[in-house]
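Please treat every number below as a calculation from the coordinates, not as lab data. This structure is a prediction, so every number in the text was calculated from the model and none was measured. Glycine gets a Cβ as well: all are built from the backbone with ideal geometry, and neighbour counts include every protein chain shown.
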Amino acid sequence: MTLRNRIQQALKQERGIRLSAAEVQGIASALHIDFPVTRPMNARRSKPSPSKTPIDGHVRWMIHRDLKDVVAIDVAATCAPWSKDDYKSRLSQRNTVAMVIELPRVGRRKPVIVGSMVYQLHKQHVELERIFIEPEVQLHSFGQQLISELRSRLTRERRTRIKVTVEESNLRLLLFFQAVGFSAVESSGGRVVMEHWWNDDPSPFRDLNKRQRSVSRQSPHKDRDQEGDNRIGV
């Protein structure tokens, strides 16, 4: 029974109400009334935030026997999970790679998979298609470690950026990519294209300005299609 229902029931029965110290503190806070509650001497301190206790995982290539665990985590962690057949279909395509991250081995216990990512290698960029972490161990930097592994695929001469497309409604994923260095470069149809460059600079914006100045100096009678596509994120 909620606190509101308890109060309503007590008022109907015209009798006193017993509230815990935590409930009194909550009411006092809502009404902006100072009501300090002392902590019992034997009370345990609250645990630190999981985001402040990173755990080093082990990142490796996904193998066939990992598929069952990966699909189970995908179902638990995402709103639109891939099926086993979806993974088989995607991984059968050329230049598509899947990796997993495991909890470190403890004693004789075998490593436990806690997350995965799927990406595709293109000539000039890496396309991140999927990334997720087991809900129970999120905020322990496992996602950041997967992105770091993906970042190692970038070079100044060849693949210069990571590209990912996220639904606008998926605020948590958008904030995650922003936290690990991605920048939104295009938004249309309810989807946001984000990119991360090898040198951590928002290069698309700088390059776009250069191309726009270059186009403005060209003859106005020249066909614009001959100048190339000026959109960001392609």
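A few remarks follow.
- With a cut-off of 14 Å on the backbone N, the residues of segment 55-71 near the modelled label site 7 Å out from Val97 along Cα-Cβ are 59-63.
- Residues Asp69, Asp74 arranged by fewest to most Cβ contacts within 10 Å: Asp69, Asp74
- Separation in nanometres of the label points that stand 7 Å from Cα toward Cβ, at Thr53 and Lys110: 2.7
- Residues Ser116, Ser188, sorted so that the one with the fewest Cβ neighbours within 10 Å comes first: Ser188, Ser116
- Contour excess over end-to-end distance, with Cα ends at Gln178 and Arg90 and 0.36 nm allotted per residue: 29.1 nm
- Cα-derived Rg over Rh, computed across segment 85-126 with Rh taken as Kirkwood radius: 1.15
- Residues Arg130, Arg94, Arg60 in ascending order of nearby Cβ atoms (within 10 Å, fewest first): Arg94, Arg60, Arg130.
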